[in-house]
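Here the structure is laid out as structure tokens; the discussion comes afterwards.
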Amino acid sequence: MRSEPHLGIVGRAAPRVDALAQATGRVKYLDDLSYSGMLHGKILRSTEAHARIVAVDTSAAKALPGVHGILTGEDLPVAFGLLPVSQDEHALAVDKVRHIGDPIAAVAAEHPDIAQRAMELIEVTYESLPVVTTMTEAVETTEEPIHGDGPRNNRDREISLEFGDVDAGFDIAYHIREDVFFYQGNNHAALEAHGALGVVEDDGRLHVFSSTQVPHYLHRILAKVLEMPESRIRVTATPTGGGFGAKTDVFSHELVAGQMALITGRPVKFVLTREEVFYAHRGRHPVLMWVKTGFTSDGRITAMSFRTFIDGGAYGSYGAASLLYTGQLQTITYRIPAYRFEGVRLFTNKPACGPKRGHGTPQPRFGLEVHLDKAADDLGLDPVTIRKRNLVSPNTVTVNHLRITSCGLTECIDRVVADSGYLDKRRHLPQGHGIGFAIGAYMSGAGLPIYFNDMPQSEVMIKVDRGGGVTVYSMAADCGQGSTTMLATVVGEALGLDPSDLVVITADTDLTPVDLGSYSSRVTFMAGNAALEAALKLTDLVLTAIADELDIDQDAVEIGHGVVVAGDREIPWAEAARIAEARWGLLVTTGTYKPPKDIKGDYRGAGVGPSPAYSYSACVADVKCDPETGHVSVERVWLAHDVGRAINPLLVRGQIEGSVHMALGEVLMEEQTFRGALHSGPSLLDYKIPTVLEMPRVESIIVESIDAEGPFGAKEVGQGPLLPVIPAVVNAVHDALGIRLDAIPLRPDKVLAALDDLERGGPGRYGPTDLPDYTFRSPLRVDPPPEAVTV
């Protein structure tokens, strides 16, 4: 582990380095940007869910005074997609539309009202096509599939894998349990709507500002779609008013903002309305799950089979990865000696789903953790015991070839169980009052880049000026998670400087070296390691220069707080920097990070799931349920998270609390639903998210397992804490009312339906029972690694 024996800055709870600017409103978000002569853009979106475009008549819009530019699909014919396997989108629809809200044309005008009027003057002639809105409909053969030529079904991706002998594992099982679950899709509901601003600079280069989490990927796709060299394009990611994965894809408005600036020669800004944000979407996939698990009499898992059907909406987006994430990570919490995963992602005529906090993993975690609670009941065990008997161990390899390094899961469980009094309260609280438990895990960054290459995933540069000022350069976009503060803290620790004294320049393709983006909880581990490497190189240059200057051994020179200590002498940092520059010339160092190559298997699909380290969480939720109204309220949450090492405990607690808030929204109320193919309520008035009144007291417990490969031992905290909250609440409702809710969110009508079923002598369950009539291909059989626990 690359760490210091006595840490003075890492581990200290401190405000974000940008806290003052944020709190005083001085931060400039995308919509705050303005240029002289700037035009305002609007996008015309489809009113049809599935139709061929027969004609687009823009003549009336072009004739409107104040209109300076109009684009249609024929102006931007190059297809794109963030994943190399999903190049199925156009900036503006070319041949047909695939969901209500699909972009068709764009206008730029001198005033937003003129742009709106021009958009309304564009006439589109459609030829309606059959509409697919459910997964059951999607698996049926159709003459007019959403993508491709008919006749075929609307399958996007399918995966079928088997590790070890699953049937043998079921044969030796004492007890086998099967369950079906449904997790409704939902939106990120970030406070800031999407936006982009295109500007042609004086040198003729295109400069696109965007509220994006992935400036590097946006840069690449702009070059592809606009058919320009990357060197002629600059992308700046503006401060993000919430992302949660919503801004990790590339969108129509970003591409048309760039093209519109090029054809008009003027700055052009597009800012989506809240309704447009819901149609741009890329939120949580609706997932239907079936899980079958074999157990010994004492609760040890002998085999597991997991099947997922996911509703992808109209386009691929991150869906190929999303599908794999619904099956690959079950093994990083539990020792599963034989494991089969089958999954299919289906196209429907609804807005495309994509990555939302926890990307593809909250859905199966919900199903798995509720499933285990039920199995514990079947076997006469308590929920803690059945989990502890199956936990993974540190420094092991799973049956599907995932490498586990540090793992503080046992401590997480012990802490939340003890602090909450879970075992004493379970089944002993009054009717309507319950307590539930669950665990979870997540990645510290995806082990492979989105487009395959051998270059680093994160690069950081540090420059020191002659006054001792330190500037850190990184393309990592701070989307509210505090990555800028993390970078300053890691570098500050290595140099002995306070993070607030450093300047951090981020997320600009002209100014900063490449970082792949803020997704998959990758920035702390990957950009943090790159920053630490650059800082340690700089430290070595300074210490060597001072040792040479004083003619002493370098071992006698060390970094202090704001000084370099050489024997009994303390040299101020600024003076030390000048001595080092005199010795070495310009003080610039770089650091890079690439994950190890031995963290994945060698099979189709092995690229999704590996990570250099996994974080672990455990949660206990205390809930109250009104059997008369069906209303569920969460009174208190205890959440322990193995963060490796807390770079800044204040920010870690903030991420835990934010994860709890988002998880409670998903389990209690949030859902992206449709009337046919029309969104039921694309506004924050209709789409319910928890307010401060619904937010319970959260007990954040930081567990430090000190990962050997993380920067100062750190791992992720941005997404993992969300995962166990949802099943913990569902399990608590069972403890409170004796009912099983196998479909979320937990709307009052579902609670009442389950209670009614219980009163009528049924099992007291609400949830799905059937799966679509879909036949998976025979699984690819993969031998488990020799060191994995097998049947």
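The values are calculated or read from the model by the stated rules, or taken from the named source; none is laboratory data. Because the structure is a prediction, the values reported are computed rather than measured. With ideal geometry, Cβ positions are generated from the backbone for all residues, glycine too; neighbour counts draw on all protein chains shown. We work out accessible area using only protein heavy atoms, side chains counted, and drop any ligands, DNA or RNA first. Shrake-Rupley method; radii C 1.70, N 1.55, O 1.52, S 1.80 Å.
List, largest first, the extents of the alpha carbons of region 455-593 along their principal axes, each in whole Å.
Result, largest extent first: 47, 24, 24 Å.
Treating only the Cβ atoms of Lys and Arg (+1) and Asp and Glu (-1) as charged, compute the dipole magnitude of region 455-593 about its Cα centre; round to the nearest 20 debye. Present the calculation step by step, with values, prior to reporting the outcome.
Working: 7 positive and 21 negative charges, 82 e Å.
It works out to roughly 400 debye.
Excluding residue 475 itself, calculate the net charge of residues whose Cβ lies under 10 Å from the Cβ of residue 475, where each Lys or Arg counts +1 and each Asp or Glu counts -1.
My count for the surroundings of residue 475 gives -3.
Per DSSP helix of 4 or more residues, -39500 (n - 2.57); summed, then divided by the residues of the chain. What does that give at 222 nm, rounded to the nearest 500? Mind dumping the intermediate values first?
Numbers: 19 runs with 205 residues, N = 791.
The helix-only estimate for the chain comes to -8000 deg cm²/dmol at 222 nm.
Per 5 Å bin from zero, what fraction in whole % of the C-alpha pairs of region 643-743 is there, up to the bin with the longest pair?
2, 11, 16, 17, 16, 14, 11, 7, 4, 2, 0
Could you report the chain's accessible area per residue, 1.4 Å probe, as an integer in Å²?
Accessible surface, normalised per residue, equals 35 Å².
Label point 7 Å out from residue 569 along Cα-to-Cβ: which residues of region 584-614 have amide N under 18 Å?
Under cut-off, by backbone N: 584.
Pop the C-beta distance of residue 85 and residue 551 into the FRET formula with R0 = 60 Å and round what comes out to the nearest 0.05.
Computed FRET efficiency for residue 85 and residue 551: 0.50.
Could you compute the net charge surrounding residue 680? Neighbours are other residues with a C-beta less than 10 Å from the C-beta of residue 680; K and R count +1, D and E count -1. Working shown, then result.
On the way: positive: 675; negative: 671, 686.
Cβ neighbours under 10 Å give a net charge of -1.
Give, in whole angstrom and from largest to smallest, the semi-axes √(5λ) of the equivalent ellipsoid of region 97-209, with λ running over the eigenvalues of the Cα gyration tensor.
46, 23, 16
With the full set of protein chains in place, find how many percent of the accessible area of the chain is carbon and sulfur; take the probe as 1.4 Å.
Result for the chain: 49 percent of the exposed heavy-atom area is carbon or sulfur.
Any idea how far apart residue 395 and residue 230 come out in nm if each label point goes 7 Å out from Cα toward Cβ?
For residue 395 paired with residue 230, the spin-label model returns 3.9 nm.
Find the all-direction average of the projected area of the Cα convex hull for the chain, expressing the result in square nanometres with one decimal place. Walk me through the numbers before you get to the answer.
Working: hull surface 138.0 nm².
Taking a quarter of the hull surface, the average projection is 34.5 nm².
Scale the Cα Rg of region 95-159 by the rule-of-thumb value 2.2 N^0.38 Å and send over the ratio, two decimals.
Computed over Cα atoms of region 95-159, the ratio equals 1.56.
What net charge do the residues around residue 248 carry, taking every other residue with its C-beta under 10 Å from that of residue 248, with Lys and Arg at +1 and Asp and Glu at -1?
After counting each charged neighbour, the total is +2.
Just the Cα atoms of region 6-52, one point each, no solvent: what log10 I(q)/I(0) does Debye give at q = 0.21, 0.24, 0.26, 0.29 Å⁻¹?
-0.89, -0.97, -1.01, -1.09
Based on the Cβ-Cβ distance from residue 452 to residue 147, what FRET efficiency comes out when R0 is 25 Å, to the nearest 0.05?
Efficiency, rounded to the nearest 0.05: 0.60.
Estimate the FRET efficiency between residue 773 and residue 275 by the formula 1/(1 + (r/R0)^6), using the beta-carbon distance for r and 51 Å for R0, to the nearest 0.05.
So the FRET efficiency works out to roughly 0.90.
Put a dot 7 Å past each Cα toward the Cβ at residue 385 and residue 584; how far apart are the dots in nm?
So the label points at residue 584 and residue 385 sit 6.0 nm apart.
For the residue pair residue 650 and residue 28, what label-to-label distance in nm results when each label sits 7 Å from Cα along the Cα-to-beta-carbon direction?
Rounded to a tenth, the inter-label distance reads 2.7 nm.
Output the relative contact order of the chain, whole-number percent, from Cα pairs under 8 angstrom with separation of 6+ residues.
Over the chain, the number comes to 17 percent.
What do you get for Rg/Rh of region 74-113 when both radii come from the Cα atoms and Rh is the Kirkwood radius?
Working: Rg = 12.5 Å, Rh = 11.8 Å.
Rounded to two decimals, Rg over Rh is 1.06.
Any of 28/247; 42/350; 42/224 with alpha carbons more than 19 Å apart? Name them for me.
Beyond 19 Å between Cα atoms: 42/350; 42/224.
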